[in-house]
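Scroll down for the structure; my scribbles are underneath it.
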Amino acid sequence: MSPTPEWVMVGGEGPDSYKQHSSYQRDLLKAAKDKINAVISANLSLDLISSRFSVADFGCASGPNTFVAVQNIIDAVEDKYLRETGQNPADNIEFQVLFNDLSNNDFNTLFQGLPSSRRYYSAGVPGSFFDRVLPKQSIHIGVMNYAFQFTSKIPKGISDRNSPMWNRDIHCTGFNNKVKKAYFDQYSLDSKNILDARAEELLPGGLLLLLGLCLRDGIKMSETYRGIVLDLIGASLNDLAQKGVIEQDKVDSFNITLYIAEEDELRQIIEENGKFTIEAFEDIIQSNGESLDPKILAVSLKSAFGGIISSHFGAEAMRKAFELVEAKAHQEFSRLKNAKPAMQYLIVLRKN
């Protein structure tokens, strides 16, 4: 089970690449660094810090954010070890980092960008993070940065015009209760599989760090900045269909395998799974918000969604769609500026 194979960030180092347009996600990692250090210090048993210490990033993309994520973790482990043993971690611990993502992820760009100053051995591990891809009980700490929000497939009925759950939008806006329930049910199932897989891979007492975006309880997706920009993509695709550039049927059946859960939904999923204990559920405040510059917004969206849209509609249609997104962002500037806030989270789970 895996997301549609084209759902990868735009690779390479070009002007439309994820590497050039992922600073918002990187800012979350930087803003959470002190809390990651504190939580690892409080919840990671010193007994787990042996001569070999393994860290895995599930959903590493093509860099450079994954390097920030794993370095935050290694810094925290080294700080704890030095403080509690008085020994130099460099003398006693070999760090191993496993970078995991779908098989068509741009691992070449990732490994070309490995920091020269790193003090860890590394390997790429292609495979879906919905399934167990690493040896049993081999990982001390795992991290998922903006990767705990995907579904493995579009929920049944969502793309069917004859279904009462047919979704006229390209994502779960939150305004159609039947569509929301279908997405939540699929997301719950997929999240259970993710947690089950990570529970198989982590050592008992190991930690799983989840960083990403959720909705504050009672706020609908399309009331937030992220929801509004997805609406702009949908509106742009509909405009292209009306001009005859792409088929309306293709637009009507196009949905994104993405579900941004509410805070209470995330807690419910984790607690019902039973494989982990929630050690922290932090609201992370970033110094830099989402960009309101229409050009930057459009290019950033292209780096994340360009692959899946190009696969469905073709590269030329994708290019035209994001030109329209930029124009619509100018028109919707006030709506974007006054969007309701979502929540950036750090969730730390301890394997039971």
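The values are calculated or read from the model by the stated rules, or taken from the named source; none is laboratory data. Remember, it's a predicted structure, so these values are computed and weren't measured experimentally. Please note: Cβ atoms are built from the backbone with ideal geometry, for glycine as well, and neighbour counts cover all protein chains shown. Just so you know, the surface numbers come from the protein's heavy atoms only, side chains and all, with ligands and any DNA or RNA stripped out. Shrake-Rupley method; radii C 1.70, N 1.55, O 1.52, S 1.80 Å.
Only residues that are modelled with pLDDT of 95 or more, in a loop (DSSP other than H, G, I, E, B) and of a type outside the set (Gly, Ala, Ser) were counted in segment 253-273, giving 2. For GLU84, are the conditions met, namely being charged (D, E, K, R), open to solvent by 20 Å² or more (accessible area, probe 1.4 Å) and closer than 21 Å to SER138 by Cβ? So GLU84 fails the test.
Identify, please: which residue in segment 175-198 is within 21 Å of GLY234 (Cα to Cα) and open to solvent by less than 10 Å² (accessible area, probe 1.4 Å) and is, among those, farthest from the chain's Cα centre (by Cα)? For segment 175-198, the residue satisfying everything is VAL179.
Taking each residue of segment 306-320 that is closer than 17 Å to SER253 by Cα and free of Cβ contacts under 8 Å to residues at least 60 places away in the same chain and looking for partners that are among the aliphatic types (A, V, I, L, M) and open to solvent by less than 70 Å² (accessible area, probe 1.4 Å) with beta-carbon atoms closer than 6 Å, six or more apart or interchain, yields MET318/ILE309. Of the residues making up segment 319-352, those that are of a type in the set (A, V, I, L, M, F, W, C) and in contact with a Ser or Thr (Cβ under 8 Å, 6 or more places away or on another chain) are ALA321, PHE322, LEU324, VAL325, ALA339, ALA342, LEU349.
Total residues in segment 138-147 satisfying the condition of being crowded, with 23+ Cβ neighbours inside 10 Å and under 18 Å from PHE305 (Cβ atoms): the figure is 1.
Annotation note: Cβ proximity below 9 Å between a residue of segment 87-105 that is aliphatic (A, V, I, L, M) and a residue that is in a strand (DSSP E or B) and open to solvent by 60 Å² or more (accessible area, probe 1.4 Å) (sequence gap 6+ or interchain) occurs for ILE93/ARG52; VAL97/TYR121; LEU102/PRO126.
Once segment 227-252 is narrowed to residues that are open to solvent by 30 Å² or more (accessible area, probe 1.4 Å) and touching a His at 6+ places or on another chain (Cβ under 9 Å), the residue that is modelled with the lowest pLDDT is LYS250. Check segment 335-351 and report whether any residue there is assigned to a helix (DSSP H, G or I), open to solvent by 30 Å² or more (accessible area, probe 1.4 Å) and polar (S, T, N, Q). Scanning segment 335-351, I find no residue that is assigned to a helix (DSSP H, G or I), open to solvent by 30 Å² or more (accessible area, probe 1.4 Å) and polar (S, T, N, Q), so the answer is no.
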